[in-house]
1. Would you kindly state how much longer the chain becomes between Gln9 and Val69 on full extension, computed as 0.36 nm times their sequence separation minus their alpha carbon distance, in nm to one decimal?
2. Which of the peptides 55-65, 10-20 is most tightly packed, and how do the rest follow, judged by the mean count of other Cβ atoms within 10 Å per residue?
3. For the pair Asp62/Ala50, report the inter-label distance in nm, with labels modelled 7 Å from Cα in the Cβ direction.
Amino acid sequence: MKLNQAIQQHLEKLPLALQGEVLDYVLYLKQKTGKPSPDDSERRKSLASALEKVAAMNPYADVDPVAWVREQREERAFLELHGVDGAICATGIVFDNLKHSSASEGTLAALSV
């Protein structure tokens, strides 16, 4: 049995609504294959260009790595002290300047829930 015959047999057994979905999917695939997709070399060139631009910007030039690590450790210790568990810290939620703000005990208690 040829592929198109097998597809036709399975298609005929489906309810009309599902046959419509199959048609939608076939049209989607046809549209998708009509668009040229960038090959690997184009993607690599684009990525290399983007990385060169980021490197030229030097976004971390003003960051002292030792001070940054110290600050991260202080923030983690502060959050743990107030009952914020490690899972929240691990998700990347950072309460900027919370320890230096005038946050009330109620605010800190709400955050530890």
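Read-outs throughout are calculated quantities, based only on the coordinates presented, and are distinct from any laboratory measurement. The shown structure was predicted, so the numbers you read here are calculated from the model rather than taken from an experiment. Note that we place each Cβ from the backbone using ideal geometry, even for glycine, and neighbour counts take in every protein chain shown.
1. Fully extending the segment from Gln9 to Val69 adds 15.1 nm.
2. Packing proxy ranking, top to bottom: 10-20, 55-65.
3. Result: 2.5 nm between the two label points.
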